[in-house]
Amino acid sequence: MSSQIKSKIAEQGFRRGGPGRMAAPVEKPKNGKKTLARLVKYFKPELKTVIILCLVVLVTVIASVTAPSMQSRAIDSLVAREFRRVPKILLTMLALYAIHAGAILLQGFFSAQLSRNVIKRLRAKLFNKIINLPVSYLDTHSHGDIMSRMTNDAENVSNVISQSLTSLFSGVLTLLGTITIMLSFSVPLTFLTFSTVILTVIVTRIMSYLMHKFYVKRQALLGTLNGIVEEKVSFGKTVTAYNLESRTIDEFTQASDSLTKTGIIADIIGNAMGPLMNMLNNCSFVIVAAIGAWFALKGSISVGVISAFIIYSKQFSRPINELAQLYGQIETAVAGAERIFSILDEPGEDHGTNLPLEVTDGVIEFKNVNFSYVKGKQIIHDFTLKVEAGKKIALVGSTGSGKTTIVNLLMRFYDIDSGTITVDGTDIRKISKDTLRDSIGIVLQDTVLFSDTVRANLKYADHTISDQKMIEAAALANCDKVVETLSDGYDTFLTGGGANLSQGQRQLLTISRAFLSYPKILILDEATSSVDTRTERNIQDAMVRLMQNRTSLIIAHRLSTIQDADMIVVMDKGRIIERGTHKELLAKGGNYYQLYMTQFAGNSI
């Protein structure tokens with residue numbers, strides 16, 4: 001396994017989380033302020049919810065910082081033997097805790113509502129953008145990375161909105177409120193509490209650093225181990241064929257031992273975190289109680305104040321630790337939002353003018369077309385070809401000769417660098433891409449079926465087509481017999497893009513779908529390259545019917561499928577090197593002849 005694959009797997013393993021997730025490294029945005037300001041705009045339609053949420057948080061904080069002071073009064077009343085005041089104080093405390101509990105519930109409800117609405121709007125905008133991105137963008141960017149922005153990055157933003165924002169707001173208010181009340185009770189005891197809390201924070205930071213270090217290492221090793229298992233299980237036949245079981249076990253054992261050693265250290269540090277924090281907190285309580293008792297003996301404060309300070313010291317340290325953690329979560333979420341916005345900022349596909357295309361004849365003409373995917377590396381050179389109405393033209397050539405690129409240019413998945421492409425005499429750059437693509441039917445080598453019923457897949461181009469026309473198209477495409485074998489016929493649900501069908505059956509369904517789009521121009525891209533000979537014959541019969549009275553452009557490696565083509569165009573390195581009928585090209589004894597003899601006569605070239 002290459003180091004590049006290992007690092008990739010390690011990264012994926014790390015992202016999966018597990019026990020070390022709390023110590024995940026903070027992802028920092030490139031321009032956090034700009035991204036945050038832009039994200040805030042998505043809150044404007046939810047301004048009412050935001051205001052209500054802020055008020056609920058304010059009520060929560062007031063209740064939480066007021067209740068301990070009521071406890072102080074209750075204790076002081078007991079010490080002073082003012083028993084009549086105690087019930088009223090206790091009822092007030094009960095009411096405050098009840099308000100606090102209710103406010104917490106409301107806080108969770110409104111936070112979830114705010115998160116749901118904001119992320120729904122953000123995801124909808126992102127999905128709409130992805131659907132309308134140019135094919136060139138999708139071809140040059142990782143699909144997994146694009147989907148990760150829709151799922152993982154959006155989820156990070158959602159979690160921050162539903163949890164971290166309210167915690168941040170309440171944490172700051174709690175700190176301010178706690179400090180204010182503590183200072184009103186005793187300034188010296190307040191500064192003593194500060195010192196103990198600062199010590200706790202310092203120890204927490206040190207422990208967090210150690211946890212971060214070993215958890216990251218453990219997750220990386222876990223990713224490597226998962227990669228080894230996945231690779232060896234997936235390619236188990238190859239391991240067995242080369243008799244490498246022992247070496248594979250040694251490789252696994254070595255990775256497993258490293259993971260175990262690192263995991264033990266990580267667990268020791270992680271499990272020590274809680275007891276150590278409890279010990280420091282208890283020490284803090286003891287110090288506050290002891291010094292407070294000394295102040296009480298001197299008459300500086302009351303016994304109730306000592307009780308309140310013990311609670312406030314805990315209440316003071318909790319938001320500090322939470323705020324330290326929230327910073328990392330917010331940074332990661334903003335970085336995720338930045339990645340989402342980077343896609344939203346990509347230029348969408350230019351759909352051209354609103355000039356519609358009414359294909360009457362289906363004449364296609366390429367004139368001196370030049371094209372390059374990457375500037376400076378030209379793929380198509382001075383390509384000139386005219387396809388008459390109703391004719392069947394085949395493009396052949398070795399892999400990388402530019403056949404599929406010609407189809408991409410005709411569909412306007414990419415725009416040409418120079419030259420012109422016309423349909424019925426109209427430059428395709430001057431017409432709407434939507435109407436251009438509506439007039440072209442395409443059947444690809446890689447069959448594309450959606451996780452839906454057979455009926456929905458066949459009617460994908462136009463769901464308003466009648467069932468009668470659908471059945472007629474299925475019969476013409478030779479897939480009616482396929483549908484008859486399915487348990488629910490046309491209502492059979494296709495799982496995993498048609499995984500419950502054979503390759504040939506899937507291809508027949510896509511041909512039937514092309515029938516139902518009623519195109520004037522038809523493109524067949526390696527439509528029979530991955531099926532057996534018998535299935536190929538059924539598909540060929542279906543394609544013959546599909547191509548009747550249609551201008552057809554066929555890309556094929558199997559030369560047996562294009563011998564009846566009106567013209568065969570042989571391409572090499574983006575240029576046309578031969579053209580003619582099957583018989584004419586064989587008689588020339590050129591490049592096509594060599595390809596033909598390689599396939600059918602077994603001659604070496």
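Shape analysis of segment 328-419 yields a ratio of the Cα radius of gyration to the Kirkwood radius, Rg/Rh, of 1.17. Assuming charge only on the beta carbon of Lys and Arg (+1) and of Asp and Glu (-1), the dipole of segment 315-452 about its Cα centre is about 440 debye to the nearest 20. Across all directions, the shadow cast by the convex hull of segment 405-486 built on its C-alpha atoms averages 7.3 square nanometres. Building the convex hull from the alpha-carbon atoms of the chain and averaging its projection over directions returns 38.7 nm².
Students often get this wrong, so check it: of LYS44/LYS125; LYS367/LYS392; LYS391/LYS481; LYS367/LYS583; LYS232/LYS261, which have C-alpha atoms separated by over 21 Å? Checking Cα-Cα distances, LYS391/LYS481; LYS367/LYS583; LYS232/LYS261 exceed 21 Å. Counting only alpha carbon atoms, the long axis of helix 187-234 and the longest principal axis of the chain meet at about 30°. Extension gain, THR420 to VAL201: 0.36 nm times the residue separation minus the Cα-Cα distance gives 71.9 nm. Relative contact order of the chain, taken over Cα pairs closer than 8 Å and 6 or more residues apart, is 16 percent.
In a DSSP loop and with at most 16 other Cβ atoms within 10 Å, the chymotrypsin sites (Phe, Trp or Tyr not before Pro) in segment 66-152 are PHE83. Checking every one of the trypsin sites (Lys or Arg not before Pro) in segment 46-108 against DSSP loop status and a limit of 16 other Cβ atoms within 10 Å picks out ARG81, ARG84.
When the C-alpha to C-alpha distance is required to be over 25 Å, the pairs from LYS129/LYS573; LYS386/LYS520; LYS430/LYS469; LYS386/LYS459; LYS129/LYS430; LYS375/LYS520 that qualify are LYS129/LYS573; LYS430/LYS469; LYS386/LYS459; LYS375/LYS520.
Working note: Karplus 6.51/-1.76/1.60 with θ = phi - 60° gives segment 308-315 the couplings 5, 5, 4, 5, 5, 5, 5, 5 Hz, where Gly and Pro are set to x.
How far, in degrees from 0 to 90, does helix 245-297 lean away from the longest principal axis of the Cα atoms of the chain, to the nearest 10? Compared with the principal axis, the helix lies near 30 degrees.
FRET efficiency for the pair ILE465 and ASP572, taken as 1/(1 + (r/R0)^6) with r the Cβ-Cβ distance and R0 = 45 Å, rounds to 0.60. Only one residue of THR200, THR332, THR551 has its Cα farthest out toward the positive end of the dipole of the chain, where Lys and Arg carry +1 and Asp and Glu -1 on Cβ, and that residue is THR200. On a 0 to 90° scale, report how tilted helix 85-131 is relative to the longest principal axis of the chain, with both axes built from alpha carbons and the result rounded to the nearest 10. That works out to roughly 20 degrees. Per residue, the accessible area of segment 256-340 comes to 48 Å², computed with a 1.4 Å probe over protein heavy atoms only.
The values are calculated or read from the model by the stated rules, or taken from the named source; none is laboratory data. The shown structure was predicted, so the numbers you read here are calculated from the model rather than taken from an experiment. Note that we place each Cβ from the backbone using ideal geometry, even for glycine, and neighbour counts take in every protein chain shown. Calculation scope for accessible area: heavy atoms of the full protein, side chains included, ligands and nucleic acids excluded. Shrake-Rupley method; radii C 1.70, N 1.55, O 1.52, S 1.80 Å.
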